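A short reminder: the numbers here are calculations on the coordinates, not readings from a lab. Since the model is a prediction, treat every value here as computed from it, not as a measurement. Please note: Cβ atoms are built from the backbone with ideal geometry, for glycine as well, and neighbour counts cover all protein chains shown.
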C-alpha cells in the first residue's frame, strides 16, 4: 500500500476483526452509534472529523453506510486484507445471529412479551442515533453555510419526506462547489 | 410455498444494491415489491415480522435480507440475498477508499468531503427524528428516547444497560 503523510496508529488485522466484531454485536437498532463509540472513544484510532468524512463517503456509495465505512477503515489501516478482516467481523456474526433468530421464528413465531420488549428497545435505539448526531455535529465550523446545508437536508428528508436522491441531487453540487471555492481562497 | 428462483433473486438484489445510494432504506420499498407483490414468496405479515425481528438483531439493519433468504431457502437463500449486499462494498467502495488514501490532499476529494459533511449530519438527524416518530406511539416512548439522549451525552455508561431498561419498560407495559 502507498505511504501517505497522515500519521496513523498501527492496527493489526486481528485488532480490526475484533473491533468490528464488537461494533457489530453491540449494534442494536443501527451501527453508527457503536462504530463512533468504538473507533473514536474506545480505540482512539481516528478523530471525529475523519470519522464523519468517511461516513460521508460511505453514504455516497451504494450499500449499507457503515459497511462502506468498515471497508474503507480496514483498507486504510491494513490494505485489502485489513478490509476483509473488518468486514468478516462486521457481517459474519450478525449473519449467524440472524439465521439463529430465523430458526426460532420458524418454530415459535412471535410472543407478545418479545414484541413489548422490542417496542421499548426501539425507543432507546432512536435516542442513541439522536445522541450520535449531536456529538458528530461538533465538527461543523461556526459559519452559516454548513449549517444551512445541514438544515436543508434535514428539512427535505426528515420533514418533507422527499426521496433522498432528489435532495442530494439538489444540494450536493452547491455544497461541493462552495467547499471548492473556499479552498481556493 | 412456490419453488424459489434463487438465481433471479440474486440478480435482482445485486442490481438493487448498486442503486442503494444513501443506504438500505432507499431500496426497502422495492425489495418488498419483489418479494411480496410480484413473486408472492412471503405474505405481507411475514415480511413485516421478519423485518422487525431483524431490526433488533445486532448488526447492520440491512441484515433483514439475510433472514428473508434463510426463510425462503436455508443457507442457499442466505447466500442469494446476502452476497449481493457485499458486492458494491467490495468493489466500488474499495476503489474509492484506495483513491482517497492514495491522494488524501486532492482538491476534489477535499471539496466532496468538506462540502457534503454538513449534509450527512442533516440526513442522520432526519433519520433519527423519523425513527423516533415511527417507534414512539405516545409521550412515554418519547420520554425513553430523550432519557437515552441525556444519559449518552452526559455519562459513559454502556448503552446496553439502556437497552435492558427499555426492554424491561416494554415488558412491564410502560410503553
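Listed by Cβ neighbour count within 10 Å, with the fewest neighbours leading, A:39, B:153 appear as B:153, A:39. Remark: A:49, B:154 ranked as B:154, A:49, counting other beta-carbon atoms within 10 Å and listing the fewest first.
Based on the Cβ-Cβ distance from residue B:153 to residue A:42, what FRET efficiency comes out when R0 is 22 Å, to the nearest 0.05? The computed FRET efficiency comes out at 0.80. Springs join every pair of Cα atoms under 10 Å in this Gaussian network model of chain B, and among B:144, B:112, B:83 the largest mean-square fluctuation is at B:144. Neighbouring Cβ atoms from other chains, within 10 Å of the Cβ of residues in B:73-83, number 1 on average. Computed over the Cα atoms of segment A:1-140, the ratio of the radius of gyration to the Kirkwood radius (Rg/Rh) comes to 1.02. State, to one decimal in nm, how far the label point of residue B:140 lies from the label point of residue A:162, with both points 7 Å from Cα in the Cβ direction. Label at residue B:140, label at residue A:162, 3.9 nm between them. Taking the Cα-to-Cβ direction at residue B:37 and at residue B:161 and moving 7 Å from each Cα, how far apart do the two end points lie in nm? In this crude label model, residue B:37 to residue B:161 measures out at 4.7 nm.
Restricting the calculation to Cα atoms, segment A:66-129 shows an Rg/Rh of 1.17 when the hydrodynamic-style radius is the Kirkwood one. The GNM of chain A, with springs linking C-alpha atoms under 10 angstrom apart, assigns the highest mean-square fluctuation among A:152, A:60, A:91 to A:152. Overall dimensions of segment B:99-170, expressed as equivalent-ellipsoid semi-axes from the Cα gyration tensor (√(5λ), whole Å, largest first), are 36, 16, 10. Kirkwood radius, segment B:1-124, all distinct C-alpha pairs, inverse of mean reciprocal distance: 16.2 Å. Sequence-distant contacts, meaning Cα pairs under 8 Å at least 6 residues apart, place the relative contact order of segment B:13-160 at 13 percent.
Its relative contact order, with pairs defined as Cα atoms under 8 Å and 6+ residues apart, puts segment A:59-166 at 10 percent. Site pair residue B:21 and residue B:133 shows an inter-label distance of 2.5 nm when each label is modelled 7 Å from Cα along Cα→Cβ. Note on A:119, B:91, B:134: ascending count of other Cβ atoms within 10 Å places them as B:134, B:91, A:119, the fewest first. The alpha carbons of segment A:38-99 stretch over 36, 25, 22 Å along the principal axes, in descending order.
Given Cα pairs under 8 Å that are at least 6 residues apart, what percent is the relative contact order of chain A? Walk me through the numbers on the way to the answer.
Numbers: 141 pairs, mean separation 41.0, N = 185.
Dividing the mean separation by the residue count of chain A yields 22 percent.
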